[in-house]
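This report refers to the structure that appears directly beneath it.
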Amino acid sequence: MQNQAPFSTSIFWRRRGLVLFVPAVLAAVILIWLAVQGRAREQRTIARILTTQGETLIRSVEAARRMGMRGQEGRQFRLRFLMDEMIRQGDLRFLGLVDAQGRFEALSEAEPGSGVTAEALTALPASFDPAWSIIRPGEEPLFVVYRYSRPPRRTMQGGMEHNTFLHPPEERTLIAVGLDASLYLRAERKDVLTLAMAGGLGLALAFAGAVTLFWRRKVAGLEREVARQERLAALGTLAAGVAHEIRNPLSSIKGFATYFGAKFKAGTQDRELAEVMIGEVDRLNRVVTELLELTHPSELRLAPTVVSDLVQHALKLVEGDCSSKGIAVQLRIAELEALPLDPDRMLQILLNLFLNAIQAMPQGGTLTVSAQRVKDRLELRVADTGHGIPAQDLDRIFDPYFTTKNQGTGLGLATVRTMMTAHGGQVRVTSEPGQGTQVILDLPLKGERR
């Protein structure tokens, strides 16, 4: 149950973090979507109102032109009088008619000299339906509602009168109404501000969710580390008592086995049994030593250490095993200055990693050792081409007594991690089943200790 507690806690915090993160992201997305959908709603409403107002005035001008066609005398005078009256009664800035030749047929302005030109109006996209556009003839922008109009022809069919638009394009007239654009532009600025605020709030929600999820994961990691330290502390208390009680009998057993083994000739079965007994005693003593080292690591003895020399020494110790299994060794060690390390501890770390790599390649393969400087840290990599580690076991390889080997104690990598932590470093493992495993030792160049 103790082994499962950190895992369950991790899942709990991870799920709780997702419960907080996912709604925050969804709320941010919905808020931004609503802001985008409603971004131009007020603009569209104001544009529709202004366009309707302008269209009403355009229809009034068209009606006046039709009335003028029945009696041409005074037509221009009556039309101009009507346009001037409209300017005085409403919030119009101008009311103009531009003929097919691009000249003003009539123009009334609330303030003469506003800058409205026939060229600016004829440059608007042609439309026989009411259309609008923002123009800036002067300092004040104008909301222009316009459409092209043709004088109707009257034909009689069955005693009924019909209006038809059969005149050629050169007879069309542009009728344009200039309205105050400030209300529309205010709505535009308001929409932009609303969208910006909604976007900012949405991003803030998403950021808060991401930060929450990040800290939840950090808390879960810290809880796992605390649980691991608690297990090691309990194990250390047990190991200290067991080591004292076991080592004394082991010394006696080894002494007796050595004494009786010397009484038999070499090559006899009795001599071999005595040597087996001595070997097993040594193995038990190593297990006790590893356990004590894991739970109560002694003080580091730092000394300037050349990494390449240390790696070469460790490879010499496993050279025989590599040769017997057909394992090729590749070295990629960069030129590095001597680092403050405990050479004995680092040698033990490398030996543990080399032996694990050799055992993972029973049919031969390649052992690659590389070292390089990455910013202010040293990266020492040990890679093999062995059978790899299953994905479900990667989270447990540093747990004490976890092993997939028949003869393993499960303390090797746990000891490596403890010694790396004492050096102020970290150890990371990446593995692909059937492809091999890579162990990365990350050490500070300045000998920082924890």
> Can you tell which of E299, E337 is open to solvent by 70 Å² or more (accessible area, probe 1.4 Å), closer than 20 Å to T415 by Cα and part of a loop (DSSP other than H, G, I, E, B)?
Replying inline: E299
> Just wondering, is there one or more residues in the range 261-269 that are among the basic types (K, R) and surrounded by 13 or more Cβ atoms within 10 Å (Cβ to Cβ)?
Replying inline: no
>> I need the full set of residues from the range 303-327 which are within 40 Å of the chain's Cα centre (by Cα) and open to solvent by 50 Å² or more (accessible area, probe 1.4 Å), in order please.
In response: V306
> Of all residues in the range 80-103, which are over 20 Å from A63 (Cβ atoms), open to solvent by 70 Å² or more (accessible area, probe 1.4 Å) and not basic (K, R)?
Replying inline: D91, Q101
> Has the range 174-186 got at least one residue that is assigned to a helix (DSSP H, G or I) and at pLDDT below 70?
Replying inline: no
> How many residues are in a strand (DSSP E or B) and surrounded by fewer than 17 Cβ atoms within 10 Å (Cβ to Cβ) if we restrict to the range 341-376?
Replying inline: 4
>> So the check is Cβ under 8 Å with 6+ separation or different chains; which pairs have a first residue in the range 420-434 that's at negative phi and a second one that's open to solvent by 60 Å² or more (accessible area, probe 1.4 Å) and among the hydrophobic types (A, V, I, L, M, F, W, C)?
In response: P433/A391
>> So, in the range 377-390, exactly how many residues are assigned to a loop (DSSP other than H, G, I, E, B), open to solvent by less than 60 Å² (accessible area, probe 1.4 Å) and not small (G, A, S)?
In response: 2
>> Being modelled with pLDDT under 70, surrounded by 12 or more Cβ atoms within 10 Å (Cβ to Cβ) and out of contact with any Cys (no Cβ under 6 Å at 6 or more places or on another chain): is that true of L284 here?
In response: no
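The values are calculated or read from the model by the stated rules, or taken from the named source; none is laboratory data. Everything numeric in this text was worked out from a predicted model, so none of it was measured. So basically every Cβ, Gly included, is an ideal-geometry build from the backbone, and we count neighbours across all protein chains shown. These area figures cover heavy atoms from the full protein model, side chains too; ligands, DNA and RNA do not enter into them. Shrake-Rupley method; radii C 1.70, N 1.55, O 1.52, S 1.80 Å.
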